[in-house]
Amino acid sequence: MVVSRRGRGALLILFAAVALVAAGCGGDNNQSSGSTQQASGPTLKDLVTSGTLTVGTELPAPPFWIGNDYDSITGGYEVDLAKEIGKRLNLANVKFVEMPFAGLVAGQKCKCDIDFSQVTITDERAKVVEFTAPYFEANQGILAKKGTSVASMADAKKLRWGAQTNTTGAAYITDNIKPSSEPKIYNTTVDAFTALNAGQLDAVLLDTPIVLGAVKAGQIKDGAVVGQFKTGEEYGAVLNKGSPNLDAINQVIDSLKSAGFMDQLFKKYFGADPTSVPFIS
């Protein structure tokens, strides 16, 4: 979901450096990450696998998840967060499994204990899943080719838009931008990025940190995040409806936020503030 007015080359260099750091710090997929504090916290119930926190997501999603294989993830914002939560809840292992985003937000049961997929908390989604306390703030970023100008909503209306199905970006295009041509909706972010690379779209609308990550990872040839719409969205991790573990996990997330752990992750994996991307009025 991005390049701001910073140079693409600088972003790619930054991402490469981040990936090297993450690879050096990341352990086996089944091992929790290191922590400066001793593990402590309540015991989770009805785990998929005893002694293991099973975490769902949909790859690729840099820099939240670095790697394309669920068995060889090297790091990422949500990876480190999930591992730290497991450690604080006295779980020796963390395992990553695939869970398609579209199915997740539609209420399909995940064969996991918790899912981190950059999911914006909405009232509609909360009817079919349990959301944890928020752990990340985001707006909607415009991913396009370098040189694309989007200075106003009038400019945005002229573009050929794409988005991932069941995302707040797709809803924003329909409800707010109302472009002159019908937007194209894709099952995955990869499909949307492929269409943009092929010249079938002018822009993709996704959460600003996601598109920034896509640019850093080099997923878009000559890509840039040329602007964003302020929506004030917040990400929450997702649990299956009725999970008995929501309160326990929320306690850990709140304590990590208070301790500045999320701020440390932000600096590690994003470097620059997404708010440096210009806002469209």
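The values are calculated or read from the model by the stated rules, or taken from the named source; none is laboratory data. Because the structure is a prediction, the values reported are computed rather than measured. With ideal geometry, Cβ positions are generated from the backbone for all residues, glycine too; neighbour counts draw on all protein chains shown. Just the protein is used for accessible areas: all its heavy atoms, side chains included, with ligands, DNA and RNA removed. Shrake-Rupley method; radii C 1.70, N 1.55, O 1.52, S 1.80 Å.
What the table below lists for this structure:
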{"quantity": "Some residue of the range 269-277 being within 19 Å of the chain's Cα centre (by Cα) and under 29 Å from Gly107 (Cα atoms)", "calculated": "no"}
{"quantity": "Where Ala217 falls short, out of the listed (1) at pLDDT below 95; (2) in the same structural domain as Ser117 (by TED's automatic domain parsing); (3) among the small types (Gly, Ala, Ser)", "calculated": "(2)"}
{"quantity": "Cross-chain or 6+ apart pairs with Cβ under 8 Å, the range 126-151 first and closer than 26 Å to Ser255 by Cα, then outside any strand (DSSP E or B) and among the aromatic types (Phe, Trp, Tyr)", "calculated": "Phe136/Tyr77"}
{"quantity": "Any chance Glu137 is under 17 Å from the mean Cα position of the chain (by Cα), open to solvent by 10 Å² or more (accessible area, probe 1.4 Å) and under 22 Å from Asp263 (Cβ atoms)", "calculated": "yes"}
{"quantity": "Which listed residue is assigned by TED's automatic domain parsing to the domain that holds Thr120, of a type in the set (Gly, Ala, Ser) and surrounded by fewer than 16 Cβ atoms within 10 Å (Cβ to Cβ), from Ala248, Ala259", "calculated": "Ala259"}
{"quantity": "Test: residue in the range 62-84 that is of a type in the set (Lys, Arg) and assigned to a loop (DSSP other than H, G, I, E, B)", "calculated": "no"}
{"quantity": "Residues of the range 84-106 satisfying the condition of being more than 18 Å from Gly236 (Cβ to Cβ) and surrounded by 23 or more Cβ atoms within 10 Å (Cβ to Cβ)", "calculated": "Lys87, Leu91, Val94, Phe96"}
{"quantity": "Any hit, the range 142-163, residues being modelled with pLDDT of 95 or more, among the aromatic types (Phe, Trp, Tyr), open to solvent by less than 20 Å² (accessible area, probe 1.4 Å) and in a strand (DSSP E or B)", "calculated": "yes"}
{"quantity": "Pairs with Cβ under 6 Å, 6+ apart, first in the range 55-80 and of a type in the set (Val, Ile, Thr), second surrounded by fewer than 20 Cβ atoms within 10 Å (Cβ to Cβ)", "calculated": "Ile66/Thr74; Ile73/Asn29; Thr74/Ala23"}
{"quantity": "Tally, over the range 221-269, of residues that are acidic (Asp, Glu), closer than 19 Å to Pro42 by Cβ and in a strand (DSSP E or B)", "calculated": "0"}
{"quantity": "Criterion: out of contact with any Phe, Trp or Tyr (no Cβ under 9 Å at 6 or more places or on another chain) and aromatic (Phe, Trp, Tyr) - qualifying residue of Phe96, Phe64, Phe101, Phe116", "calculated": "Phe101"}
{"quantity": "Scope the range 93-108; condition out of contact with any helix residue (DSSP H, G or I) (no Cβ under 9 Å at 6 or more places or on another chain) and either more than 23 Å from Thr231 (Cα to Cα) or not aliphatic (A, V, I, L, M) (or both); matching residues", "calculated": "Lys95, Val97, Glu98, Met99, Pro100, Gly103"}
{"quantity": "All positions within the range 107-122 that are open to solvent by 30 Å² or more (accessible area, probe 1.4 Å) and among the charged types (D, E, K, R)", "calculated": "Lys109, Lys111"}
{"quantity": "Index of the failed condition, Gly199 passing every other in (1) over 20 Å from Lys87 (Cβ atoms); (2) among the small types (Gly, Ala, Ser); (3) in a helix (DSSP H, G or I)", "calculated": "(3)"}
